Each structure stands twice: as structure tokens, then as C-alpha cells.
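The numbers here are math on the coordinates, done by the rules we state, and not lab data. Fair warning: this is a prediction, and the values are worked out from it, not measured in the lab. A quick note on method: Cβ atoms are made from the backbone with ideal geometry, for glycine too, and the neighbour counts reach across all protein chains shown.
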Amino acid sequence: MDSSVLTVVSMLSILFGVGALYQSTKSYRQYRAVDGLTPETTLAAGDGGETTAVRGPVALEEPAVLERTPPEDAGIETNRAALVAWRVRRHVRTGSGKSGKSRWRTVDSGIAAGEFAIREHGRYVEIPAECLPGGVEGSFDPFADSNVHLGEPEHDVRLGKPRLVTKALERLRLIGKNGLLEDTTVSLSIGGTSASPDRYQATVIEDGEELTISGTVADSQADPDSVLEPANEGETALVGGRLDDGGSQLRRRALTQVGIGVIVLAIGLHLV
């Protein structure tokens with residue numbers, strides 16, 4: 001095989017191997033967060049104590065209103081949305097020539113929340129906006145914040161046309177939503193200027209879907225409906241989806257990514 005081809009193959013293998021190992025650290029951090037918010041940490045209502053987290057299906061009162069309208073291709077409907085986590089990613093280049101670097105940067109993001117409660121143990125716990133991560137901030141990335149665990153964005157839409165290389169790697173399941181590197185795209189630059197279009201990414205939590213939010217709720221038999229208060233340490237964790245498996249799926253994903261990453265990286269290093 002031609003040496004230049006071997007060099008390209010080895011560099012791609014190293015790139016994807018390192019990327020898979022990085023993804024595994026994200027999956028493991030999510031697993032640890034979910035493991036810390038399993039149902040065992042939530043106390044039953046009516047025992048005169050306090051809950052350390054609330055978990056259950058969302059009961060929507062007023063849907064979320066987004067300040068930025070999602071692109072039509074995203075197919076996002078907000079009439080039943082209690083919460084919408086979203087961001088816009090842009091590929092940027094810094095420096096020039098061989099010293100230049102490229103990366104994806106979040107240029108706009110946030111969480112849009114409506115009025116909703118969580119139904120748990122026969123009661124409704126109201127969730128004020130200030131109890132949500134980033135609720136008092138102007139803008140933050142809900143998919144990079146250490147206190148938010150909603151998985152990869154459910155909606156991922158390019159704000160422009162993809163390049164041929166990106167399409168090919170997506171077909172090979174190396175990148176993209178179902179690929180080895182789920183949130184990574186290949187970025188092209190021409191003359192120091194990025195040729196990769198911006199991306200709009202979002203996850204919608206609708207009425208009836210499950211959420212787990214850390215906080216403090218004083219139980220009272222006299223008042224079956226309660227209001228969540230921020231956690232004592234001031235940091236609120238938000239986890240989407242059912243936790244019946246205690247995060248085992250995330251743990252398996254992390255182990256799988258480690259295994260694939262080590263194998264692909266070893267192949268790349270062997271070919272160098």
C-alpha cells in the first residue's frame with residue numbers, strides 16, 4: 001500500500017480513536033450523575049422529611065416559549081414542550097497556516113422552560129425557572145454543562161448544506177447521531193475560512209416525559225402540592241429520561257466507546 005495512503009489511514013484511525021475515548025469520558029460522567037440521582041435518593045412523600053431530588057413525569061401547565069425560532073427542518077413542536085434545551089454550534093478557525101487550529105464553538109444556547117410540575121408519589125411539585133440549571137444565566141450550553149444530562153441532542157440540523165466528506169463519513173457510521181463520534185462532525189476549511197455550516201441542536205422534554213431534578217422539597221400532608229427549592233449547595237442537576245436502570249445503559253456505552261477507541265487507536269499507531 002502506498003505510504004501516503006497509510007499515513008492518511010493511520011492519522012484518521014488515531015483521530016477517531018482519541019475521539020472515541022473522549023466520548024467515553026462524557027458518557028461516564030453522565031453515568032455518575034445519573035447514578036447519584038437514582039430513585040434511592042428520593043424520599044417518599046408524607047414522612048415529614050425532605051426530598052433531595054424529585055423524579056417523575058412532567059405535568060405541563062404552560063408550554064415553553066423560545067426566543068429563537070427553530071429551523072423548519074428540525075421538526076420541533078413546542079405546543080407540548082415543558083422544556084427545550086438548545087444550542088447553535090459554529091466551526092471557527094484560529095491562527096493561520098500549520099499553526100492554525102479549528103474547533104466547534106457554541107455561539108448561542110440556553111434552556112427555554114414553560115410552567116410545569118413533576119408528578120411524584122401522588123403529589124405535584126412545581127418547578128420554578130430559578131431551580132433549573134442556567135435558569136438565572138443569560139446563555140449557557142445545556143449539552144456541555146456538568147449539571148445537565150439529557151444525552152445527545154435529539155434534533156441536529158445543519159444551517160446550510162453538508163460537504164461530501166461529511167456525507168461519506170456519516171454513511172460509514174463514523175460520525176453523526178448514530179456514529180462512533182456522535183456529536184462530532186468533520187470540518188472543512190478553505191483559505192483559513194471554515195466551510196462547515198452552523199448546526200442547530202436541541203432536545204425537547206414534552207408533557208408526560210420523565211425528569212429528575214435535584215433540590216429540596218419539604219413534605220407536608222396538609223399541602224399535597226409543593227414547590228422545589230434550589231439545592232443547599234446551590235447547584236441543581238437535571239437528568240432526562242427514566243432512571244430505572246440506574247444509568248447502566250450509559251455505563252455500557254462508556255465501556256463500548258473505550259474498547260472501540262483503544263482498538264482503533266492501536267491500529268493507527270501500528271500503521272504510523
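The amide H of Glu120, built 1.01 Å from its N in the peptide plane, has Val125 as neighbours under 5 Å, considering only residues 5 or more places off or on other chains.
For the peptides 110-117, 258-265, 141-148, the ranking by packing is 110-117, 141-148, 258-265, with the highest mean count of neighbouring Cβ atoms within 10 Å listed first. Put simply, the amide H of Leu159, placed in the peptide plane, has neighbours under 5 Å in Asp198, Arg199, Tyr200, leaving out anything fewer than 5 places away on its chain.
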